[in-house]
Structure formats: structure tokens, C-alpha cells
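Participant: This is the structure, below, for whatever I ask next.
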Amino acid sequence: MRIESVLRQKGEFVAVIRPEATVREAVAELTANGIGALVVSTDGRTPAGMLSERDVVRALDREGPGILDQQVSSIMSTELQTCGPEDEVETLMAIMTRYRVRHVPVVRDGALAGIVSIGDVVKNRMDELEEDRRALVDFIYAR
């Protein structure tokens, strides 16, 4: 299955924050959207990095609560892994495992087209397994 199928199921909404926003603003955005990561972008279209809950927690541990008033750019992850809508979900699973990332922006023609989380990948895999199970049951009972 391709990433574009996952995006069709979940939608193409991507929560974006500017690099000069404060970490406090980013935390508020994460909370408001009930998500675990934000794409960092200066123009809302081109990803420059990611800011995850994990980045915030590690920065809080390292630098204390003062980090909340610093810019997102000071703690965001800049080694960005991306995928395209035409990529296979299996390829994305390998990227997530290899680079230990839970959120991967989807980029089409250099512009942000969506985001896929590990939860989206797991849901997709569970749906595939359920389809396989139904097909096998139908085959066994010749339906």
C-alpha cells in the first residue's frame, strides 16, 4: 500500500509552526491539536525540521523550564526524514525503525503534502491484516 492511501484515510492536515515561535507556543499547539509533533517551516510549505514531544522533554531535562521561552529552532530536529505519496508503507516503516522517528512529513514536489505517524502506520497494517483474515475466512467457507 502507498502513503497516498494512508493520507486519503486520515486527511492531509499538517500542524506547522514557525522556527521563531517559542517552545511554549509549540507546546500549546501540540496540546490544542492532540498530536505528538509539529512540522517546523518558515513558509508553511517547506519542512525545515520537526519538533516532537520527545524534543521538548529532553530539552526541559537538559536546560530546565527556561527553554519554554526559547525559539523552536533551538531544539527542533533538523535531520529530517521525509517520504513521498508514492512511497510504500513498508518503506516508511523501515525509515521509522532505522532512524527511530515516529512522525514523517510527506513531501510532494518539494511541498508539504501531509504527515504520517507510527500510529497511522500501525492502523494501516491492522486494517490490512483484517482484510487478509476476512479473505481467508471467505476462502475457507467458499463464500
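The values are calculated or read from the model by the stated rules, or taken from the named source; none is laboratory data. Quick caveat: nothing in here was measured; it's all calculated off a predicted structure. Just so you know, the surface numbers come from the protein's heavy atoms only, side chains and all, with ligands and any DNA or RNA stripped out. Shrake-Rupley method; radii C 1.70, N 1.55, O 1.52, S 1.80 Å.
Participant: Normalised by the number of residues in the chain, what is the relative contact order in percent for Cα pairs under 8 Å and 6+ residues apart?
Facilitator: Relative contact order, the chain: 26 percent.
Participant: Now for a different question. Using the heavy atoms of the protein chains alone and a 1.4 angstrom probe, what is the accessible area of the stretch 5-137 per residue in square angstrom?
Facilitator: On a per-residue basis, the stretch 5-137 sits at 57 Å².
Participant: Now a separate question. Rounded to the nearest Å, what's the spacing between the alpha carbon centres of the stretch 1-27 and the stretch 102-143? Just the number, please.
Facilitator: When both Cα centres are located, 18 Å separates them.
Participant: On to the next question. Quick one: pull the percent of accessible area on the chain belonging to carbon and sulfur, 1.4 Å probe, ligands and nucleic acids left out.
Facilitator: 51
Participant: Work the Kirkwood hydrodynamic radius out for the chain: mean of 1/r over every pair of different alpha-carbon atoms, inverted, in Å.
Facilitator: Evaluated over the chain, this radius sits at 16.3 Å.
Participant: Given a 10 angstrom Cα cut-off, can you work out which residue in Ala94, Ala26, Ala37 is the most mobile in a GNM of the chain?
Facilitator: Comparing Ala94, Ala26, Ala37 in the GNM, the peak value goes to Ala94.
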